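K.L.:
Once you've had a glance at the structure underneath, I'll fire off some questions.
The values are calculated or read from the model by the stated rules, or taken from the named source; none is laboratory data. Bear in mind that the values here come from a model prediction, so they are computed numbers and not experimental data. Please note: Cβ atoms are built from the backbone with ideal geometry, for glycine as well, and neighbour counts cover all protein chains shown.
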Amino acid sequence: GDISYREISAQIEKRHYDFIDALIDPSQQNDLKGKIHNYITRLDKVLESIYFLNELSERAYYIIVSFGERMSNDIIYRYLQIHNGNVDFLDSSQIIITRPVGGKEHVNRTVTYENIRKNWNPNADITVAPGFISKSEKGYATTLGRGGSDYTAALYAAALDASMLEIWTDVSGIYTSDPRKVEKAYPLDKVSYREALELSNFGAKVIYAPTVQPVMEKKIPMKILNTFQPNDEGTLVSTETSHDIPIKAISTMENIAMITFSGTGLVGTTGIAGRLFSMLSRNNINITIICQASSEMSICLAIDAKDADKAVKAINEEFDFEIRKDTVNKTVAENDYAIVAMVGEGMKNYAGLTGKAFTALGNANINIHAIVQDSTEVNVSIIVKKVDATNALNVLHDVFFNN
């Protein structure tokens, strides 16, 4: 095992002490530093057990990653107590409850909303609640994943029927494309909930997809704002959108693998697609895009590249009998693909949009490997080689935004 965890743990403790020194009067530091020290002591015990066992369990992982939120929230809570006074604290790790669904922990919103309403103090001027952390129905530590703090805020907003949810991040709202890849990208004034959901599902990291659902169900407006540029307008996410441009934004999802499931046995065979999708679900493999040829001889799947080997193995095992009969071909995965998604509720009223995109990509010598349009016409997804993804973003952005 690697004992460097001890040094890292000590550095984490010192960093939090430094924050306390910078924010809290010396006369009120001791008990707060004592709390931080207790957290670090508990963290060290977990890390030590991992060191000796040489094994990191899922439960241990959840416990480890929860300490950051706990320590930072205690510091913020104390600072606000000193400067405001009428401040309440809610421990999200005891309020937000998760349950297993398909092998993963998901928020039990009914129980969580009840807990929030029951514990909320309407007389407090400010309530501090840590994001990201939660617990399972059995009482084990769990977390809400990347972007979980935003999701936590959305759960509190929905439970309390808030008038507005503000998400403070490091960019000035939702952009027409990733500004790190597209120099001419600019922030949008407003997008609809559906547009925000589609963008978050297809690579826009400014918003975590589960965050949208609770506020969308309650029709609570959400503002995406910049912590470092607090005067910027940001982006309003609500029931309203502007239809002056057909495409609202273009995003990419990289590290995609393409899997083609094919064979004569697919034609007219009832239930074979159901077997395929059920088997992938049992193996916790998420499908991003599905394409099926009109001849029914092939089904093309786009999945996260990290799941490709597991998916291929599972498919070939499930259909071993058909493969040996030559009615289904042995499945292989092709890596190094990317999805370029054009999103906008105005696309449904715009004729020739896909043709315009095809022409622009063709003129740039970018080959299109597949295209999928959802039934609501809010999303058109184009699959290209990963090496072409950034170029495709810029080409399409020039066509639909800069002209």
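K.L.:
From the list 313, 325, 306, 330, pick out the single residue that is over 20 Å from the mean Cα position of the chain (by Cα) and in contact (Cβ under 8 Å) with a residue 40 or more places away in the chain.
P.N.:
325
K.L.:
Further question on the same structure: For the stretch 1-100, which helices (runs of 4 or more DSSP H) that fit wholly inside it have 2 or more residues that are in contact with a Leu (Cβ under 8 Å, 6 or more places away or on another chain) and either of a type in the set (Phe, Trp, Tyr) or free of Cβ contacts under 8 Å to residues at least 40 places away in the same chain (or both)?
P.N.:
Counting at least 2 such residues, we get 5-23, 58-83.
K.L.:
Sticking with this one: Taking the stretch 341-391, which residues are small (Gly, Ala, Ser) and part of a loop (DSSP other than H, G, I, E, B)?
P.N.:
Of everything in the stretch 341-391, those that are small (Gly, Ala, Ser) and part of a loop (DSSP other than H, G, I, E, B) turn out to be 344, 351, 352, 364, 375.
K.L.:
Go through 335, 363, 367, 316 for me and flag whichever is of a type in the set (S, T, N, Q) and in contact with a Ser or Thr (Cβ under 6 Å, 6 or more places away or on another chain).
P.N.:
When all the criteria are applied, what remains is 316.
Here is a yes/no grid of residues against (1) under 20 Å from the mean Cα position of the chain (by Cα); (2) at pLDDT 95 or above:
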{"site": "202", "(1), (2)": "yes, no"}
{"site": "208", "(1), (2)": "yes, no"}
{"site": "214", "(1), (2)": "yes, yes"}
{"site": "220", "(1), (2)": "yes, yes"}
{"site": "225", "(1), (2)": "yes, yes"}
{"site": "236", "(1), (2)": "yes, yes"}
{"site": "239", "(1), (2)": "no, no"}
{"site": "253", "(1), (2)": "yes, no"}
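K.L.:
Restricting attention to the stretch 151-206, and to residues there that are of a type in the set (Asp, Glu) and under 20 Å from residue 240 (Cα atoms), which single residue is surrounded by the most Cβ atoms within 10 Å (Cβ to Cβ)?
P.N.:
Let us first name the residues in the stretch 151-206 that are of a type in the set (Asp, Glu), namely 161, 166, 170, 178, 183, 189, 195, 198.
Within this subset, residues satisfying the condition of being under 20 Å from residue 240 (Cα atoms) are 161, 166, 189, 195, 198.
Details: 161: 10, 166: 13, 189: 12, 195: 25, 198: 27.
The qualifying residue surrounded by the most Cβ atoms within 10 Å (Cβ to Cβ) is 198.
K.L.:
Further, regarding this structure: Is there a residue being more than 26 Å from the chain's Cα centre (by Cα) and crowded, with 16+ Cβ neighbours inside 10 Å anywhere in the stretch 105-116?
P.N.:
So far as the stretch 105-116 goes, no, none of its residues is more than 26 Å from the chain's Cα centre (by Cα) and crowded, with 16+ Cβ neighbours inside 10 Å.
K.L.:
Next question. I'm told residue 331 meets every condition in (1) within 30 Å of residue 101 (Cβ to Cβ); (2) in contact with a Gly (Cβ under 9 Å, 6 or more places away or on another chain); (3) in a loop (DSSP other than H, G, I, E, B) except one. Can you identify the failing condition by its number?
P.N.:
(2)
K.L.:
Would you tally the residues in the stretch 205-245 being basic (Lys, Arg), more than 26 Å from residue 401 (Cα to Cα) and not in a helix (DSSP H, G or I)?
P.N.:
Counting residues in the stretch 205-245 that are basic (Lys, Arg), more than 26 Å from residue 401 (Cα to Cα) and not in a helix (DSSP H, G or I) gives 1.
K.L.:
Still on this structure, I have one more. Being in contact with a strand residue (DSSP E or B) (Cβ under 8 Å, 6 or more places away or on another chain) and under 30 Å from residue 122 (Cβ atoms) narrows it down to one of 65, 87, so name that one.
P.N.:
None of the others qualify; the one that does is 87.
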